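Below: one structure, written as structure tokens.
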Amino acid sequence: MEAGKIDAYRGKLLDLKVQAESRVRDVEEMAGFDMPESEWSGELSSYDNHTADSGSALEMRSVNLGLIHHGRDTIAQIESALDRIDDGSYGKCEQCGLDIPLERLDAIPWATSCTQCKAKSPSPSGRSGPRPIEEEVLRPPFGGRDPARAYDDPGIHGEDIWDALAEYGTANSPQDEEARHSGDEDEF
């Protein structure tokens, strides 16, 4: 890759690093990870709080923690890309050694592999392929790999489940129910 392009990518990576560090710092300051719960929750005591309020606060705290971890991971990837610029390996695929297309580097300047190698590599969870992990444990008709066997299961189906649950009542009002006439016009 030519020196002018390398310098442009270095500048872009440095700008992205500053932005990521700023976002992490902002979230850390806002989330108050360095203070006790009574301070970040705004309550003197948690005894009178509803559990849903505590759960909402905890959920928000975990979202902020996830944002911080993602930001730090992005910073580490950017620093690694800057190191690759310094050692002359920037823009080369780590798996096949070919040049990473400039379009990919424009979109993800810290990319370490070309699109072909990235598509072949397993995801961070160790799985390869675009299908959701849930399909590995669901059985037909809601999942599984064999569509020909999707309805061979003689067990209970959706309509049967609805009928069984409806015996305990529904939220339907009388006008929503099907007319149940026994033949007499006077019976409703």
| query | Where in the stretch 86-188 are the helices (runs of 4 or more DSSP H), entirely inside, with at least 2 residues that are aliphatic (A, V, I, L, M) and either surrounded by 10 or more Cβ atoms within 10 Å (Cβ to Cβ) or modelled with pLDDT of 70 or more (or both)? | reply | 102-107, 158-166
| task | Could you check Leu14 against (1) surrounded by 11 or more Cβ atoms within 10 Å (Cβ to Cβ); (2) at pLDDT below 85 and say which number it fails? | result | (2)
| message | Just to be sure I understand the filter: pairs with C-beta atoms under 6 Å, separated by 6 or more residues or on different chains, first member in the stretch 86-102 and within 13 Å of Glu2 (Cα to Cα), second member modelled with pLDDT of 90 or more and of a type in the set (A, V, I, L, M, F, W, C). Which pairs pass? | response | Gly91/Ile100
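The values are calculated or read from the model by the stated rules, or taken from the named source; none is laboratory data. These figures come from a predicted structure and were not determined experimentally. Neighbour counts run over all protein chains shown; Cβ positions are idealised from the backbone, glycine included.
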